[in-house]
Amino acid sequence: MNAALTDKPPSGAKERTGASAALLKWLGVAVAAAALSSTLRGADLPGVAALIASVGAPMMALALIPNLFARVFQAEASRRVFEALGRPAPFGRYLSLTLSTEALNMSVPAGAALSESVTFVLLQRWCGVPGPQGVAGLAARRSLILLANAAYVAIALALGYGHLERASRPLLGAPGLPWLVVLSGFGLLAGALAIAGALLSGTVAARVLALLKRLPGRRARAYVEAKAAAFSATDRYGAALGERRGALAWAALLLLGMWLAEGLETFFLLHLLRVDVSLAEVLSFEVVLALLRAAAFMVPAGLGVQDAGYVAFLSALGVPGAATVGAAFVLVKRAKEIVWIALGLLVFFCGRAVWRPAPEGA
């Protein structure tokens, strides 16, 4: 009886976990609804409709291109990381994987965590990457994403420090916004270096294994012991990546291109709506709102939260009719995201037929 109790958690624990997840989900929905309402409040809705109609369908279609470049850069970066681990696969498989997981990332609460788990599975099924190499490659990719994001923050600060300083008092009621961005950049860099250092040391999985061996219950300990070889393999692959720094550097540059393409998308969309802002102004607030979107991880695609941020920044930078053009902008941006979500989900569900399981090492 006692052994059975130690081998599996009480049923109440699962119920409490489920209730907590549901609470966070509905909290995210409430935050999104309130922020979206704040975004539309004060907007001239007929003016919003007229602005969007003035763009025209052909130019709307062109608005999809920057995101395509971002996903191509992201997919090629992933391909290079796993090729460095000795698991090459056609670019098309990585692009399909990227489109699929980004659709999940944008469409569900806490999408980043779900998309990372789905990426791990699809790497095995579509690209022939076994578990230990998948863990090492995903950790390396996460480190490179953070590093590229830190570089993106540095570029935005170099070009738009003055714009952030100008927007600080209207937004915060005090100066200091640029220094908050500086601190966030250092935080991203520290996170990237911490993950890379742990991965390349070739010991992090062994340390995790040692901790897991302390779990209570015979079944849990037996399961962990059975996976000991996989943990050791993960450490070997992580350490091996240290010898392929050229490939990792190229992947980091591609991921920086991904971040820049997302910033250029905002610049392009605003100019379609005849908003007179410079690229430096756009990058100055785009980098802040990307961080805000990451912080609001329980809200799908930062819905409402990021949108309210766009309107607030446009107003702080003195854009005429900020509430109206901001509402038009976020509606166009969200419509564009719906197209990519639909395409990504289509690729995800069709991928099982299109991409047969890749043989390991293929």
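The values are calculated or read from the model by the stated rules, or taken from the named source; none is laboratory data. Small disclaimer: the values here were computed from a predicted structure and weren't measured. No Cβ is skipped: glycine too gets one built from the backbone with ideal geometry, and neighbour counts run over all protein chains shown. Protein only, heavy atoms only, side chains kept; ligands, DNA and RNA dropped before computing areas. Shrake-Rupley method; radii C 1.70, N 1.55, O 1.52, S 1.80 Å.
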For VAL182, what accessible area in Å² do you get when you roll a 1.4 Å probe over the heavy atoms of the protein chains, rounding to the nearest 10?
30
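Would you kindly calculate the translational diffusion coefficient of the stretch 168-292, applying Stokes-Einstein with the Kirkwood radius from alpha carbon pairs, for 10 °C and a viscosity of 1.306 mPa s, and quote it in µm² s⁻¹ without decimals?
Details: Rh = 18.6 Å.
Approximately 86 µm²/s, per Stokes-Einstein.
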Which value, in Å² and to the nearest 10, is the accessible area of ILE65 when all protein chains are kept and the probe is 1.4 Å?
70
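Between VAL108 and ASP276, what length comes free when the chain is fully extended (0.36 nm per residue of separation minus the Cα-Cα distance, one decimal in nm)?
Values: separation 168, 0.36 × 168 = 60.48 nm, distance 3.35 nm.
So the chain would gain 57.1 nm between VAL108 and ASP276.
Skip the ligands, DNA and RNA, and give the accessible area per residue of the stretch 125-173 with a 1.4 Å probe, whole Å².
Numbers: 1840 Å² over 49 residues.
Per residue, the stretch 125-173 has an accessible area of 38 Å².
How large is the accessible surface per residue of the stretch 203-362, computed with a 1.4 Å probe and reported in Å² as a whole number?
On the way: 7780 Å² over 160 residues.
Result: 49 Å² per residue.
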Projecting each Cα onto the charge dipole of the stretch 176-296 (Lys/Arg +1, Asp/Glu -1 at the beta carbon, about the Cα centre), which of SER278, ALA222, ALA261 comes out farthest on the positive side?
ALA222
